[in-house]
Amino acid sequence: MKRWALGAVWLALALGLAAVLAGCSGVRLAYDNADLFIRWRLLQFLDVHGEQADELDERITRFMRWHRANALPKYARDADEGAQRVSRGLTRADLAWGYDLFTGHGREAMRAAAEQMAPLLDQLTPEQVRHMEQRIDEENRKFAREHLRGSERERREKRAQRIVTRLEDWLGTLSKAQIEAVRQYSARAPLNADARDRDNKRIQAEIVAVIRARESRKRLAETVLTTDKRRDPAFAAVRQASLDEFYTLLLEIERLAAPEQRARVISELRRYAEEFRGLAARPS
């Protein structure tokens with residue numbers, strides 16, 4: 001499942017969760033280097049030096065300490081539960097359970113990250129905020145290049161290719177029937193990249209306004225966590241329709257899955273659970 005491509009600070013706040021889930025192997029290596037990755041990503045938006053750079057490093061360290069103690073044990077528990085659900089045979093309720101967990105963990109991580117980052121963001125000068133806005137514009141242009149170019153047919157084919165790649169990370173090589181199911185899904189599911197682009201820019205503007213006003217300590221966390229309440233109703237309906245279609249696709253992929261594909265998913269989830277437990281138990 002794709003993480004939200006919201007750009008700028010929103011992206012940075014989500015990185016605590018994304019760094020852990022960035023790939024289907026090397027969890028320990030990814031997590032042990034998550035602080036470096038988060039710092040690298042944040043510095044693409046924040047022009048900080050000297051004491052501010054030192055403060056950024058300290059705040060990342062605090063966030064990772066919180067994440068290890070509070071988030072990883074939940075990830076382990078939920079990966080175990082996910083393996084049990086897959087072994088029983090997936091239902092639509094199972095998929096909704098997984099999606100709700102994913103978004104819930106993301107919200108917890110974003111709140112913790114926002115609370116850590118807010119004091120530093122309140123120190124930014126107008127010049128530093130303008131630098132951030134310039135980088136946001138660059139991210140938006142990148143999103144447009146990747147998701148808004150090409151004919152409708154080309155965009156649907158590209159989406160199908162991305163989904164096949166993600167599914168094969170978990171299942172191994174898909175069968176012809178499974179690939180055809182992905183193609184049929186991409187042919188019928190609504191294309192919402194244009195609406196996503198507009199929604200991303202709305203969210204970015206809301207967050208930058210809080211930072212520019214130097215009210216991050218007062219309002220950043222709640223602003224980030226309540227963006228969906230200000231989403232255009234038409235786009236919200238399209239997002240829900242897309243999610244429902246994706247659930248239908250995943251259930252069809254599961255119906256067509258070979259026993260070794262199911263076994264691989266169960267094994268991967270159990271491996272994740274063990275990795276998360278091991279990381280949580282290690283000293284910060």
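The values are calculated or read from the model by the stated rules, or taken from the named source; none is laboratory data. Just so it is clear, the model here is predicted, and its values are computed rather than measured. Here Cβ is always computed from backbone atoms with ideal geometry, including for glycine, and neighbour counts include all displayed protein chains. Heavy atoms of the whole protein, side chains included, go into the accessibility calculation; ligands, DNA and RNA do not. Shrake-Rupley method; radii C 1.70, N 1.55, O 1.52, S 1.80 Å.
Of the candidates Leu90, Leu95, Leu120, Leu56, the single residue that is among the hydrophobic types (A, V, I, L, M, F, W, C), surrounded by 14 or more Cβ atoms within 10 Å (Cβ to Cβ) and outside any helix (DSSP H, G or I) is Leu90.
The test for being assigned to a helix (DSSP H, G or I) and either surrounded by 18 or more Cβ atoms within 10 Å (Cβ to Cβ) or of a type in the set (A, V, I, L, M) (or both) does not hold for Gly104. The helices (runs of 4 or more DSSP H) falling completely within the range 1-53 that include 3 or more residues that are at pLDDT below 85 map to 8-20, 27-32. Exactly one residue out of Thr227, Thr248 is among the polar types (S, T, N, Q) and at pLDDT below 95: that is Thr227.
For the range 136-188, filtered to residues that are hydroxyl-bearing (Ser, Thr, Tyr) and assigned to a helix (DSSP H, G or I), the residue that is surrounded by the fewest Cβ atoms within 10 Å (Cβ to Cβ) is Thr165. The set of residues in the range 232-282 being farther than 29 Å from Ala187 by Cβ, open to solvent by less than 60 Å² (accessible area, probe 1.4 Å) and not acidic (Asp, Glu) consists of Ala263, Ile266, Leu269, Tyr272, Ala273, Phe276, Gly278, Leu279, Ala280. Does Asn192 satisfy the criteria of being over 30 Å from Leu269 (Cβ atoms) and modelled with pLDDT under 95? Spelling it out, it is not the case that Asn192 is over 30 Å from Leu269 (Cβ atoms) and modelled with pLDDT under 95. Please tell me if Asp199 is out of contact with any strand residue (DSSP E or B) (no Cβ under 9 Å at 6 or more places or on another chain), surrounded by 16 or more Cβ atoms within 10 Å (Cβ to Cβ) and not polar (S, T, N, Q). Answer is yes for this residue.
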